[in-house]
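First up is the structure itself, then whatever we jot down about it.
The values are calculated or read from the model by the stated rules, or taken from the named source; none is laboratory data. Every value quoted in this text rests on a predicted model; they were computed, and no experiment measured them. Virtual Cβ from ideal backbone geometry, glycine too; neighbours counted across all protein chains shown. For the accessible areas, the whole protein counts, side chains as well, though only heavy atoms, and no ligand, DNA or RNA atoms are used. Shrake-Rupley method; radii C 1.70, N 1.55, O 1.52, S 1.80 Å.
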Amino acid sequence: MSNKMWGGRFGEGPDRIMEEINASIGFDQRFFAQDIRGSKAHCAMLAETGIISRADADQIIAGLDAVLAEIEEGRFEFKRALEDIHMNVESRLADLIGASAGRLHTARSRNDQVALDFKLYIRDTIDHLDEQLADFQKALLDKAEANADTIMPGFTHLQTAQPVTFGHHCLAYVEMTARDRGRFADARRRLNESPLGSAALAGTSFPIDRHMTAKALGFDRPTRNSLDSVSDRDFVLETMSAAAIAATHLSRLAEEIVIWSTPGFNFVRLTDGFTTGSSIMPQKRNPDAAELVRAKSGRVIGDLTSLLIVMKGLPLAYSKDMQEDKEAAFDALDALSLSLAAMTGMISTLTVNAKEMRAAASRGFATATDLADWLVRRLNVPFRQAHHITGALVARAEKRGIDLDGLSLDEMREVEPGITDEVYSVLGVDNSVRSRTSFGGTAPENVRASVAWWRNELGSREK
């Protein structure tokens, strides 16, 4: 089938294999709203600068609105032979209004058109992801506030380290998510320049007003170099990089949920809505949603790597290789969006087993550092010496199968004669977490203050 949009240069239609590899309408049709929005802004500018008549512009804009309505209502027939969303829209516009449709493409190319569509799409997607990230933060804050006093073991190397609160643990992910939102905001700020009017690669001889179209489309300014404008995909790479980091954060939390929900830990219980059963083992409650979030991070990272490899060897300006940018970006951003929805749901609805968390925090000599700190404060011994004394006491307790507070005062004095019965005041997990009042520490009062600060911060961002 011959593509009528090519005009007289090509007399024969594409080979079926060429059509298969060349067509992008199967995936770039999701640009339809951005494509039509950009075309309307371009058309209005063409009329304002006198490049086309007002009558033609009015007819074109009305036709574009009709095309948009057809697509939104599911009445539009996307044609593979027309390759992409741009030609599909323009072809249908010609069907509706006739020859005037041909004036729309004056002073632009599909190269700057697709760059514009993609920027608009990425910008819209960033805004959507930011809303999801904020919702995730709010779910974490709710859980943190409800568990400001819930004591759990803090881990390093997945070994019991020091007691913390579950609220403090949740707040760690609030901080990570804030950095994710910052990275997306930075990417949005840098991409907010309009490539429209750069044409194929060299600009145009028509007296266009690129500042007008940039303003109409919500950009800060037009791009300053036409070659860079049509060949740049930094805005996609940067957004996907932010997505990969955010997905990695979600994966870390997903891994913790998987661990915490095992019978060996029994720290949390997921609702039936985020678990599945086994086809053969009736006792199973599999944390499939968390496992899938963990797996999807690999897709996002892989998509970023794929696009980096596509772009790494391309000379300026546009090459057809860049058609391969869209599916990777769509897949990565869709995967992150779905993962955020799933993780927000899991955090909002999971049940915390405070009793089991506290019991685990009381095991594994979690207050050993508190003992060493007490020796420094009360006996004025150097910390390294205090570390050695505490290690010897841990060895004694471990040999007897008890925790540090199970050692008698006499046993402790055999290692360090200066120890008094005051030492028992720092060996309980409650005392331990209450003492961690340094800025950013795990003390319940810190957790509540941090929750309040974050609620105020999120509220101010939404205004």
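Got a sec? Which of ARG110, ARG92, ARG103 is of a type outside the set (S, T, N, Q) and either touching a strand residue (DSSP E or B) at 6+ places or on another chain (Cβ under 8 Å) or farther than 18 Å from GLN29 by Cβ (or both)? Write out each step before concluding.
Numbers: ARG110 fails: either touching a strand residue (DSSP E or B) at 6+ places or on another chain (Cβ under 8 Å) or farther than 18 Å from GLN29 by Cβ (or both); ARG92 fails: either touching a strand residue (DSSP E or B) at 6+ places or on another chain (Cβ under 8 Å) or farther than 18 Å from GLN29 by Cβ (or both).
Answer to the check: ARG103.
Go through region 386-440 and give me each residue that's in contact (Cβ under 8 Å) with a residue 24 or more places away in the chain, more than 30 Å from MET176 (Cα to Cα), acidic (Asp, Glu) and surrounded by 12 or more Cβ atoms within 10 Å (Cβ to Cβ).
Selection gives GLU398, ASP403, ASP405, GLU416.
For region 413-463, which residues satisfy the criterion of being of a type in the set (A, V, I, L, M, F, W, C) and under 17 Å from SER362 (Cα atoms)? It would help to see each step written out before you state the result.
Filtering region 413-463 for residues of a type in the set (A, V, I, L, M, F, W, C) gives 415, 419, 423, 426-427, 429, 433, 439, 443, 447, 449, 451-454, 458.
Within region 413-463, VAL423, VAL426, LEU427, VAL429, VAL433, ALA443 qualify.
Counting residues that are of a type in the set (D, E, K, R) and over 32 Å from the mean Cα position of the chain (by Cα), which helices (runs of 4 or more DSSP H) fully inside region 20-112 reach at least 1? Let's see the steps before the verdict.
Details: elements: 25-28, 32-48, 54-72, 85-97.
Of the helices (runs of 4 or more DSSP H) lying wholly inside region 20-112, those with at least 1 residues that are of a type in the set (D, E, K, R) and over 32 Å from the mean Cα position of the chain (by Cα) span 32-48, 54-72, 85-97.
Given VAL451, VAL447, which one is in a helix (DSSP H, G or I), out of contact with any Asp or Glu (no Cβ under 7 Å at 6 or more places or on another chain) and in contact (Cβ under 8 Å) with a residue 40 or more places away in the chain?
Of the residues listed, the single one that is in a helix (DSSP H, G or I), out of contact with any Asp or Glu (no Cβ under 7 Å at 6 or more places or on another chain) and in contact (Cβ under 8 Å) with a residue 40 or more places away in the chain is VAL447.
Kindly indicate whether MET18 is at pLDDT below 95, surrounded by 17 or more Cβ atoms within 10 Å (Cβ to Cβ), within 24 Å of GLN323 (Cα to Cα) and out of contact with any Leu (no Cβ under 8 Å at 6 or more places or on another chain).
Numbers: at pLDDT below 95: yes; surrounded by 17 or more Cβ atoms within 10 Å (Cβ to Cβ): no; within 24 Å of GLN323 (Cα to Cα): yes; out of contact with any Leu (no Cβ under 8 Å at 6 or more places or on another chain): yes.
It is false that MET18 is at pLDDT below 95, surrounded by 17 or more Cβ atoms within 10 Å (Cβ to Cβ), within 24 Å of GLN323 (Cα to Cα) and out of contact with any Leu (no Cβ under 8 Å at 6 or more places or on another chain).
Considering only residues of region 259-288 that are open to solvent by 20 Å² or more (accessible area, probe 1.4 Å) and assigned to a helix (DSSP H, G or I), which is modelled with the highest pLDDT? Steps first, answer last, please.
To start, the set of residues in region 259-288 that are open to solvent by 20 Å² or more (accessible area, probe 1.4 Å) comprises 259, 261-266, 269, 271-286, 288.
Subset that is assigned to a helix (DSSP H, G or I): 259, 272-274, 288.
Numbers: ILE259: 96, ASP272: 89, GLY273: 89, PHE274: 87, ASP288: 92.
Across region 259-288, the extreme among qualifying residues is ILE259.
For LEU371, indicate whether it is at negative phi, loosely packed, with under 14 Cβ neighbours inside 10 Å and out of contact with any His (no Cβ under 7 Å at 6 or more places or on another chain). Walk me through how you get there before you give the answer.
Numbers: at negative phi: yes; loosely packed, with under 14 Cβ neighbours inside 10 Å: no; out of contact with any His (no Cβ under 7 Å at 6 or more places or on another chain): yes.
So LEU371 fails the test.
Modelled with pLDDT of 90 or more, out of contact with any Leu (no Cβ under 6 Å at 6 or more places or on another chain) and outside the structural domain of ASP272 (by the TED database): does that describe GLY440? Explain how you work it out, then say what you get.
Numbers: modelled with pLDDT of 90 or more: yes; out of contact with any Leu (no Cβ under 6 Å at 6 or more places or on another chain): yes; outside the structural domain of ASP272 (by the TED database): yes.
Spelling it out, GLY440 is indeed modelled with pLDDT of 90 or more, out of contact with any Leu (no Cβ under 6 Å at 6 or more places or on another chain) and outside the structural domain of ASP272 (by the TED database).
Right, GLU193: open to solvent by 60 Å² or more (accessible area, probe 1.4 Å) and at pLDDT 95 or above or not? Reasoning before the result, please.
On the way: open to solvent by 60 Å² or more (accessible area, probe 1.4 Å): no; at pLDDT 95 or above: yes.
So GLU193 does not fit the description; no.
Exactly one of (1) part of a helix (DSSP H, G or I); (2) touching a Ser or Thr at 6+ places or on another chain (Cβ under 8 Å); (3) of a type in the set (Gly, Ala, Ser) is unmet by ALA242. Its number?
(2)
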